[in-house]
Amino acid sequence: MKLRSDDAKSRCVVQAPEITCKAGPISRVNHLGNTGNSNNASRLIMDMPYFPSGQSKRCVMRVRYNITTGDYDPWKTDKSSNKKDDVIENDPQVDVLGNGEKLTLAINTAQTGRVFQDRSHAYIVLPRTAKMAGKVIQNLNVRGRRGNLVQTIPAVEYDFVPDRLVMGTNELLHIQWTGSNSNDKNNNGEGSAGTDRHNLMQMSSLAASYPNKISEADFWNDVESLTDPDASGKDIAIGLATSGYYCAEHETDLCQRGAQNSTIPALNGKLNNASPSFFGHVLRFKKAGSMNYMCSRNNNFSNRSQKGTLVVSDDASI
C-alpha cells in the first residue's frame, strides 16, 4: 500500500482490529464504584496490538460510552421524528391525576441519547525481545489521580490495577506506571503539590502498613528481568521501591544510578526527586509464589489504600 500518491515506496499496513462495542458491566444507577458481582470497578481488558515489523509503534486508544433512554426506538428515531407524538420533549408536563393539574418531568432531550466521556489516550508499543516471543505479557500498572474522593471524580484515587493478579509461570509480567507533575495543586496528596509518585514494595500482609526491607523481600529471589538481564532480584526490588531513582544496588551496563553511589543526591522520602513515570521491568518468574505489596507514598491509612497482591501459579491454564 502506498501512503501517498507521490510516494514510490509500498509499505505493509497492518489492518486495525474491529471496534469493540459491548454492553457495560451492570451497576446501580449513579454509581462510580465496583460493578456486577465482582470486587472491581468498570474496566476494559484488552489485548495490545501486534506489529510484525519489529519496530516501535505509536498507537491511540479512543474510549467512549453512550446512554440511551427507553422512551423511544433508538434505531428508528432521527431528526425527521421532531414534532411527532412518538418522541419526547424537554421538560414535558403530564396529567397523572386526570384533573388537569400537570407535573413537570426533568427531561433534557440533549441527554437521552448521547456519547459521554469521549477519551483518547496515546501510547507506544515496543518490539519484543527474543525471550518474549510467543509469551503472554500481563500488565501491572497504576490507575487514578491525585486527590481525595471528591477531587478525583469522575476518576478514582490512586490504586494498583489489577490490585489482585493471578498469572502462570509460563507468562511474563510488565510492571510499569505513568504519572505527571501537572495535577491540580489544590488536590490532596502526599509529597510536592501537583505531583504523582508511585513505588512498589513487598509486604507481609495486606492488613499491615509497613513494607518489608529489601533484604527480607524474598519474593524477588526467583525473578529475572527480560528488559535488564544484568539486574538481580535485589536490583529489581530496588528499582521498584524507588520508582527507578536507583535502578540497581551497583551500576551496571544498563544502570548508571546505583543505590550505593554516594555521588548521587539521596532519594527523597516522599519520592519527590524520583520520576513520575517508570518503565519498570518485563519479568519472568522461575517458580510459583505470591506477594502482597504496597506504595509507601500514597498508602494513607483511613484515606486511601494503595496495595495489591500478585499470585504466580504453575498451572499453565491460568
The one condition residue 210 fails out of (1) more than 23 Å from the chain's Cα centre (by Cα); (2) in contact (Cβ under 8 Å) with a residue 24 or more places away in the chain is (2)
Of 273, 303, the only residue that is more than 22 Å from residue 242 (Cβ to Cβ) and surrounded by fewer than 18 Cβ atoms within 10 Å (Cβ to Cβ) is 303
inquiry  = Kindly evaluate residue 141 against the criterion of being under 18 Å from the mean Cα position of the chain (by Cα), surrounded by fewer than 16 Cβ atoms within 10 Å (Cβ to Cβ) and of a type in the set (S, T, N, Q).
reply    = yes
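If you take the residues in the stretch 214-223 that are more than 16 Å from residue 310 (Cα to Cα) and touching a helix residue (DSSP H, G or I) at 6+ places or on another chain (Cβ under 9 Å), which one is least open to solvent (accessible area, probe 1.4 Å)?
Initially, the stretch 214-223 is screened for residues more than 16 Å from residue 310 (Cα to Cα), giving 214-216.
From what's left, touching a helix residue (DSSP H, G or I) at 6+ places or on another chain (Cβ under 9 Å): 214-215.
Working: 214: 58, 215: 102 Å².
Filtering the stretch 214-223 for residues that are more than 16 Å from residue 310 (Cα to Cα) and touching a helix residue (DSSP H, G or I) at 6+ places or on another chain (Cβ under 9 Å), the one least open to solvent (accessible area, probe 1.4 Å) comes out as 214.
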Scanning the stretch 65-104 residue by residue, those of a type outside the set (Gly, Ala, Ser), over 30 Å from residue 21 (Cβ atoms) and at pLDDT 85 or above turn out to be 91, 92, 93, 94, 95, 96, 97, 99, 101, 102, 103, 104
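If I ask for residues that are more than 19 Å from residue 275 (Cα to Cα), in contact (Cβ under 8 Å) with a residue 40 or more places away in the chain and either open to solvent by less than 20 Å² (accessible area, probe 1.4 Å) or of a type outside the set (A, V, I, L, M) (or both), which ones from the stretch 163-198 would you list? Explain how you work it out, then say what you get.
Going residue by residue through the stretch 163-198, those that are more than 19 Å from residue 275 (Cα to Cα) are 163-173, 186-188.
Checking the rest, the ones that are also in contact (Cβ under 8 Å) with a residue 40 or more places away in the chain come to 163-173, 187-188.
If the condition is that a residue be more than 19 Å from residue 275 (Cα to Cα), in contact (Cβ under 8 Å) with a residue 40 or more places away in the chain and either open to solvent by less than 20 Å² (accessible area, probe 1.4 Å) or of a type outside the set (A, V, I, L, M) (or both), then 163, 164, 165, 167, 168, 169, 170, 171, 172, 173, 187, 188 are the ones that fit.
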Here the residues within the stretch 115-126 that are exposed (fewer than 12 other Cβ atoms within 10 Å of the Cβ) and either in a loop (DSSP other than H, G, I, E, B) or over 20 Å from the mean Cα position of the chain (by Cα) (or both) are 115
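For (1) more than 22 Å from residue 310 (Cα to Cα); (2) among the charged types (D, E, K, R), each residue gets a yes or a no:
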site: 202; (1), (2): no, no
site: 212; (1), (2): no, no
site: 228; (1), (2): no, yes
site: 254; (1), (2): yes, no
site: 257; (1), (2): yes, yes
Scanning the stretch 1-23 for residues that are at pLDDT 75 or above and more than 16 Å from residue 51 (Cα to Cα) gives 19, 20, 21, 22, 23
Apart from one, (1) open to solvent by less than 50 Å² (accessible area, probe 1.4 Å); (2) basic (Lys, Arg); (3) in contact with a strand residue (DSSP E or B) (Cβ under 9 Å, 6 or more places away or on another chain) all hold for residue 135; the odd one out is (1)
Cβ pairs under 8 Å, 6+ apart or interchain, first in the stretch 45-74 and small (Gly, Ala, Ser) and surrounded by 10 or more Cβ atoms within 10 Å (Cβ to Cβ), second modelled with pLDDT of 85 or more and not in a loop (DSSP other than H, G, I, E, B), ordered by first then second residue, are 56/124; 56/125
| task | Check whether at least one residue in the stretch 224-234 is among the β-branched types (Val, Ile, Thr), touching a Ser or Thr at 6+ places or on another chain (Cβ under 9 Å), open to solvent by less than 10 Å² (accessible area, probe 1.4 Å) and under 22 Å from residue 131 (Cα atoms), and report yes or no. | result | no
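The values are calculated or read from the model by the stated rules, or taken from the named source; none is laboratory data. Treat the numbers as computed from the prediction; the structure is a model and nothing was measured. Glycine also receives a Cβ, built like all others from the backbone with ideal geometry; neighbour counts cover every protein chain displayed. Accessible surface is based on the protein model in full, side chains and every heavy atom, while ligands, DNA and RNA are left aside. Shrake-Rupley method; radii C 1.70, N 1.55, O 1.52, S 1.80 Å.
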